[in-house]
1. What are the pairs with Cβ atoms under 8 angstrom where one residue, in the stretch 1-16, is touching a residue at least 24 places away in the same chain (Cβ under 8 Å) and assigned to a strand (DSSP E or B) and the other, located anywhere, is surrounded by 10 or more Cβ atoms within 10 Å (Cβ to Cβ) and among the aliphatic types (A, V, I, L, M)? Sequence gap at least six, or different chains.
2. May I ask you to say which residue of Ala45, Ala41 is of a type outside the set (Val, Ile, Thr), at negative phi, loosely packed, with under 10 Cβ neighbours inside 10 Å and modelled with pLDDT under 95?
3. Considering the stretch 17-49 alone, what residues qualify as being among the small types (Gly, Ala, Ser) and either touching a residue at least 60 places away in the same chain (Cβ under 8 Å) or in a helix (DSSP H, G or I) (or both)?
4. Name the single residue that is farthest from the chain's Cα centre (by Cα) among those in the stretch 15-38 being among the β-branched types (Val, Ile, Thr) and loosely packed, with under 11 Cβ neighbours inside 10 Å.
Amino acid sequence: MTRFWITQEQAVHFIIDCIEKMKGGEIFVPKIPSMKIIDLAQAIAPQSK
């Protein structure tokens, strides 16, 4: 399972940029980093299985 990570500030900038560029009917998808849940768990607790 993968999760995507975006800060509140990044989200606000993305929305403002989209509002300025939109003409109607577009779908905007941000390029944001992702991480698998298992990788996150291993980073938080590397000794766990």
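The values are calculated or read from the model by the stated rules, or taken from the named source; none is laboratory data. Since we're looking at a predicted model, the values are computed, not measured. All Cβ positions, glycine included, derive from the backbone under ideal geometry; neighbour counts span all protein chains shown.
1. Thr2/Met35; Thr2/Ile37; Arg3/Met35; Arg3/Ile37; Arg3/Leu40; Phe4/Ile32
2. On the way: Ala41 fails: loosely packed, with under 10 Cβ neighbours inside 10 Å.
After applying the criteria, what remains is Ala45.
3. Step one: list which residues in the stretch 17-49 are among the small types (Gly, Ala, Ser), which gives 24-25, 34, 41, 43, 45, 48.
Hits for the stretch 17-49 are Ala41, Ala43.
4. Keep residues of the stretch 15-38 that are among the β-branched types (Val, Ile, Thr), which gives 15-16, 19, 27, 29, 32, 37-38.
If we keep only those that are loosely packed, with under 11 Cβ neighbours inside 10 Å as well, we get 16, 19, 27, 29, 37-38.
Values: Ile16: 16, Ile19: 19, Ile27: 16, Val29: 10, Ile37: 14, Ile38: 17 Å.
Going through the qualifying residues, I end up with Ile19.
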